[in-house]
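Have a look at the structure below, then the notes.
The values are calculated or read from the model by the stated rules, or taken from the named source; none is laboratory data. All values reported here derive from a predicted model rather than from experimental measurement. Positions of Cβ are backbone-derived with ideal geometry, glycine not excepted, and every protein chain shown enters the neighbour counts.
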Amino acid sequence: MAEIVKVAVVGGGSFGTVMANIAAGNGFPVSFWMRSDALAEAINRNHVNESYLPGYALNERVVATHDMAAAVYGAQLIFVAVPQQLFRAVVSELVKSSDQGDVC
C-alpha cells in the first residue's frame, strides 16, 4: 500500500466532519467534500461546520470543497460518510471523479 499523503472524506454531515477532523489531527491533509458550496466556503472561512456540529473547531488541515474531482484527486484513502439513500449516487460520482485505477 502506498504511503498516505492525502485523505478525502466524502460527506459533510456530523460523522464526516468528525472523521475529517480526526484524520487532520493525525497529521494528514484532508479534502472534505459536501453537496453545498456555501457550506464548504463557510467551513473554509470559519473552520467550523455550523450546520451539523456548531462550536466544534476543525483542524486547519481540513479543506472543504463542493468539487468531487478536487476532493478525491490524489487521495490514497477515501472515507464515505453519506446517508444510505444517497450512497449509490455519491459513490458513483466518486468513482467517475477518482484518479485511481480502482476504488475499493
Give Val18, Val10 a once-over and let me know the one that is of a type in the set (A, V, I, L, M), in contact with a helix residue (DSSP H, G or I) (Cβ under 7 Å, 6 or more places away or on another chain) and closer than 21 Å to Pro83 by Cβ. Val10
Return the residue satisfying two criteria in turn: it lies in region 1-37 and is under 15 Å from Leu94 (Cβ atoms) and not aliphatic (A, V, I, L, M), and of such residues it is surrounded by the fewest Cβ atoms within 10 Å (Cβ to Cβ). Arg35
Would you confirm whether any residue within region 61-73 is closer than 16 Å to Met19 by Cβ, of a type in the set (Phe, Trp, Tyr) and surrounded by 15 or more Cβ atoms within 10 Å (Cβ to Cβ)? no
With the condition being within 24 Å of Glu3 (Cβ to Cβ), among the small types (Gly, Ala, Ser) and modelled with pLDDT of 95 or more, I'd like the helices (runs of 4 or more DSSP H) fully within region 14-99 carrying at least 1 qualifying residues. 14-25, 68-72
